[in-house]
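One structure below.
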Amino acid sequence: METLKYKRVLLKVSGEALAGDAEGHRGINFDVLESIAKVVRECVDMGVQIGIVVGGGNFWRGLKDGGDMERTRADHMGMLATTINALAFADVLEKQGVVVRVQTGIDMNKIAEPYIRLKAIRHLEKGRVVIFACGTGNPFFSTDTAAALRAAEINADAILLAKNIDGIYDSDPAKNPQAKKIESIKYTDVLKNRLQVMDSTATSLSMDNNIPVLVFAIKDPENILKVLKGEHIGSVIGEE
Ligand code: UDP
């Protein structure tokens, strides 16, 4: 096996990333999904164990889309949206020859396995990719927090935060052309400076469990492999 820095990782892919360039970042672009799946297959072939948490923002984002809905109900819709993405992702991965299991944080046993930690770990050990749907299974949380939670539960070496942006910036590069990319940053500084990379619950959970968070652009899915090999392409959140 080629030298890889990480053996078991949790890949977080936002819903927005799955929409590609679609207007309003809505829906699923299957070409994008296929290009990500091809790289995931390469990683699995190299012996990396991969768990995936998918977002749902390409279909529904809690109260951002639900307006004055009751929050819990709007979040339930968001969790259902992550399941749609998980099923699509599973299908595309299978077409690439990857063995996949979808596990949901809210039981939907006609369409997927319920989330069971030891079962998930067993799948990973057998070289299967596990897609964790429904986030944490609880309202008031995000799929970033789900990524940190599942990463801790499966003892992942790192969280791979695949984004539409190529790293962490000191201000929003869309609004400030002078924004500077940060190569590495402490969890506490992400929290203190309220950087928008992931929400504070997710950052705290990663910090408390000492799991490095590697942030990079998913536009080029080969970045997943580069990050696994230890190349510094995006930004790293860690202890130092
Ligand atoms: N969600 C939730 N609990 C979770 C994870 C997600 O209630 O543990 C809901 C929440 O409404 C959220 C939506 O699902 O807005 C989609 O998830 P998220 O916004 O994290 O997706 P992403 O931005 O990564 O596509």
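The values are calculated or read from the model by the stated rules, or taken from the named source; none is laboratory data. Worth saying up front: this structure is predicted, and the values here are computed from it rather than measured. Heads up, the Cβs are rebuilt from the backbone with ideal geometry, glycines too, and the neighbour counts pull from every protein chain shown. The area values use the complete protein model at the heavy-atom level, side chains included, leaving out ligands, DNA and RNA. Shrake-Rupley method; radii C 1.70, N 1.55, O 1.52, S 1.80 Å.
For region 220-240, the set of residues classified as open to solvent by 50 Å² or more (accessible area, probe 1.4 Å) and either free of Cβ contacts under 8 Å to residues at least 60 places away in the same chain or part of a helix (DSSP H, G or I) (or both) consists of Asp220, Glu222, Lys226, Glu231, His232, Glu239, Glu240, listed by residue number. For region 182-206, a residue qualifies if it is within 17 Å of the chain's Cα centre (by Cα) and open to solvent by 20 Å² or more (accessible area, probe 1.4 Å), and the qualifying residues are Gln196, Asp199, Ser200, Thr201, Ser204, Leu205. Kindly indicate whether Asn155 is polar (S, T, N, Q), on the phi > 0 side of the Ramachandran plot and open to solvent by 30 Å² or more (accessible area, probe 1.4 Å). Yes, satisfied. Within region 134-158, residues that are more than 25 Å from Leu4 (Cβ to Cβ) sit with their Cβ atoms under 7 Å from residues that are within 6 Å of the ligand (Cβ to nearest atom) and of a type in the set (D, E, K, R), at 6+ positions apart or across chains, in these pairs: Pro139/Asp75; Phe140/Asp75. Residues that are closer than 22 Å to Glu16 by Cα and among the β-branched types (Val, Ile, Thr) within region 82-99 comprise Thr82, Thr83, Ile84, Val92, listed in sequence order. For Lys95, state whether it is over 23 Å from Val9 (Cβ atoms) and surrounded by fewer than 20 Cβ atoms within 10 Å (Cβ to Cβ). Answer is no for this residue.
Considering only residues in region 145-165 that are in a helix (DSSP H, G or I) and within 13 Å of the ligand (Cβ to nearest atom), the one that is farthest from Gly51 (Cα to Cα) turns out to be Thr145.
Selection of region 23-45 for residues being without any contact (Cβ under 8 Å) to a residue 60 or more places away in the chain and open to solvent by less than 40 Å² (accessible area, probe 1.4 Å) yields Gly27, Val32, Leu33.
Taking region 1-45 as the range and being charged (D, E, K, R) and more than 17 Å from Leu87 (Cα to Cα) as the test, the residues that pass are Glu2, Lys5, Lys7, Arg8, Asp21, Glu23, Glu42, Asp45.
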